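S.K.: This is the structure I have questions about; it appears just below.
The values are calculated or read from the model by the stated rules, or taken from the named source; none is laboratory data. A quick note: this is a predicted structure, and the numbers were derived from the prediction, not measured. Glycine gets a Cβ as well: all are built from the backbone with ideal geometry, and neighbour counts include every protein chain shown. Calculation scope for accessible area: heavy atoms of the full protein, side chains included, ligands and nucleic acids excluded. Shrake-Rupley method; radii C 1.70, N 1.55, O 1.52, S 1.80 Å.
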Amino acid sequence: DAGVTQSPTHLIKTRGQQVTLRCSPISGHKSVSWYQQVLGQGPQFIFQYYEKEERGRGNFPDRFSARQFPNYSSELNVNALLLGDSALYLCASSLGSGAFFGQGTRLTVV
Amino acid sequence: GQSLEQPSEVTAVEGAIVQINCTYQTSGFYGLSWYQQHDGGAPTFLSYNALDGLEETGRFSSFLSRSDSYGYLLLQELQMKDSASYFCAVRNQNFVFGPGTRLSVLP
């Protein structure tokens with residue numbers, strides 16, 4: 001069985017641009033969460049979606065948005081990119097007890 | 001607010017036993033999970049405790065005391081490949097991660 005898959009793996013954008021990151025959860029998992037991880041810190045929660053509805057939102061500005069599709073895949077959008085948005089963006093799917101992460105998208109904003 | 005505390009670094013030698021502690025203050029608590037992350041990689045799920053006590057999975061064990069808001073990850077028979085960062089995470093409506101503990105295993 002495939003694990004959580006994310007695309008792209010690496011991305012370089014300039015300040016002010018917009019980016020869309022994609023995630024496919026483990027088959028059968030209906031919950032998808034997005035996290036931002038900067039070097040040397042733990043993952044910070046951005047969004048959780050369950051059955052296409054937003055179930056939680058972390059302390060991130062409105063430039064960050066997400067959605068979940070009928071097949072439970074998800075997209076994270078970030079508008080008006082800032083240098084500080086450079087990070088590893090992780091998607092995780094869960095059945096409840098543990099979170100299973102994809103390999104992440106490393107976003108660099110220059 | 002929500003906060004988790006872990007030691008920032010731990011060093012041990014091959015074959016030894018190491019314990020990584022985690023204390024937490026969160027609004028809502030369903031369980032405590034542990035993750036391993038190698039440099040350049042993504043976190044991988046190690047264990048989950050919903051109830052007090054010890055859970056054992058091979059060389060790794062995890063303990064939870066809900067009354068003390070405390071848990072730990074115990075790694076036995078350390079190997080060089082165990083050198084990584086380890087995160088505890090509280091599960092409430094989502095997962096709240098600690099700052100991570102960097103484990104260095106020396107030969």
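S.K.: Can you tell me which residue in the range B:6-57 is farthest from B:S104 (Cα to Cα), limited to those that are away from every other protein chain (no Cβ under 14 Å), open to solvent by 80 Å² or more (accessible area, probe 1.4 Å) and hydrophobic (A, V, I, L, M, F, W, C)?
M.R.: B:L54
S.K.: Between residues in the range B:3-19 that are farther than 18 Å from B:V96 by Cβ and residues that are open to solvent by 80 Å² or more (accessible area, probe 1.4 Å) and outside any strand (DSSP E or B), which pairs lie under 9 Å by C-beta distance while being six or more apart or on different chains?
M.R.: B:V13/B:P107; B:E14/B:E77; B:E14/B:M80; B:E14/B:P107; B:G15/B:E77; B:A16/B:E77; B:I17/B:E77
S.K.: Then there is this: Go through the residues of the range A:83-95 one by one and say whether even a single one is part of a loop (DSSP other than H, G, I, E, B), at pLDDT below 95 and within 20 Å of B:F87 (Cα to Cα).
M.R.: yes
S.K.: OK, next. I'd like the full set of residues that are away from chain A (no Cβ under 14 Å) and either buried (at least 23 other Cβ atoms within 10 Å of the Cβ) or of a type outside the set (D, E, K, R) (or both), limited to the range B:79-107.
M.R.: B:Q79, B:M80, B:S83, B:L103, B:S104, B:V105, B:L106, B:P107, listed by residue number.
S.K.: Sticking with this one: Which one of the conditions (1) touching a residue at least 12 places away in the same chain (Cβ under 8 Å); (2) part of a strand (DSSP E or B) does B:E56 fail to meet, given that it meets all the rest?
M.R.: (1)
S.K.: Can you list the strands (runs of 3 or more DSSP E) lying wholly within the range A:1-81 that have 1 or more residues being among the basic types (K, R)?
M.R.: Ranges flagged: A:10-13, A:19-24, A:53-57, A:64-68.
S.K.: I'd like to verify a number: residues in the range A:70-99 that are buried (at least 19 other Cβ atoms within 10 Å of the Cβ) and either more than 9 Å from chain B (Cβ to nearest Cβ) or aromatic (F, W, Y) (or both), how many?
M.R.: Adding up the residues that qualify gives 10.
S.K.: Let me ask something additional. For the range A:41-56, enumerate the residues that are out of contact with any Pro (no Cβ under 8 Å at 6 or more places or on another chain) and more than 8 Å from every other protein chain (Cβ to nearest Cβ).
M.R.: Within the range A:41-56, A:I46, A:F47, A:Y49, A:Y50, A:E51, A:E53, A:E54 meet the criteria.
S.K.: So which residues in the range A:100-110 are more than 8 Å from chain B (Cβ to nearest Cβ) and out of contact with any His (no Cβ under 9 Å at 6 or more places or on another chain)?
M.R.: Filtering the range A:100-110 down to residues more than 8 Å from chain B (Cβ to nearest Cβ) leaves A:105-110.
A:V109, A:V110 - these are the residues of the range A:100-110 that are more than 8 Å from chain B (Cβ to nearest Cβ) and out of contact with any His (no Cβ under 9 Å at 6 or more places or on another chain).
S.K.: (1) in contact (Cβ under 8 Å) with a residue 60 or more places away in the chain; (2) closer than 19 Å to B:G41 by Cβ; (3) not charged (D, E, K, R): which one isn't true of A:Q36, the others all being true?
M.R.: If we test A:Q36 against (1) in contact (Cβ under 8 Å) with a residue 60 or more places away in the chain; (2) closer than 19 Å to B:G41 by Cβ; (3) not charged (D, E, K, R), just (1) comes out false.
S.K.: Further, regarding this structure: Would you mention how many residues in the range A:100-110 are assigned to a loop (DSSP other than H, G, I, E, B) and either of a type in the set (S, T, N, Q) or open to solvent by 50 Å² or more (accessible area, probe 1.4 Å) (or both)?
M.R.: Summing the residues that are assigned to a loop (DSSP other than H, G, I, E, B) and either of a type in the set (S, T, N, Q) or open to solvent by 50 Å² or more (accessible area, probe 1.4 Å) (or both) in the range A:100-110 gives 2.
S.K.: Separate question: Return the total of residues in the range A:24-69 being surrounded by fewer than 13 Cβ atoms within 10 Å (Cβ to Cβ) and either of a type in the set (S, T, Y) or modelled with pLDDT under 95 (or both).
M.R.: Counting residues in the range A:24-69 that are surrounded by fewer than 13 Cβ atoms within 10 Å (Cβ to Cβ) and either of a type in the set (S, T, Y) or modelled with pLDDT under 95 (or both) gives 7.
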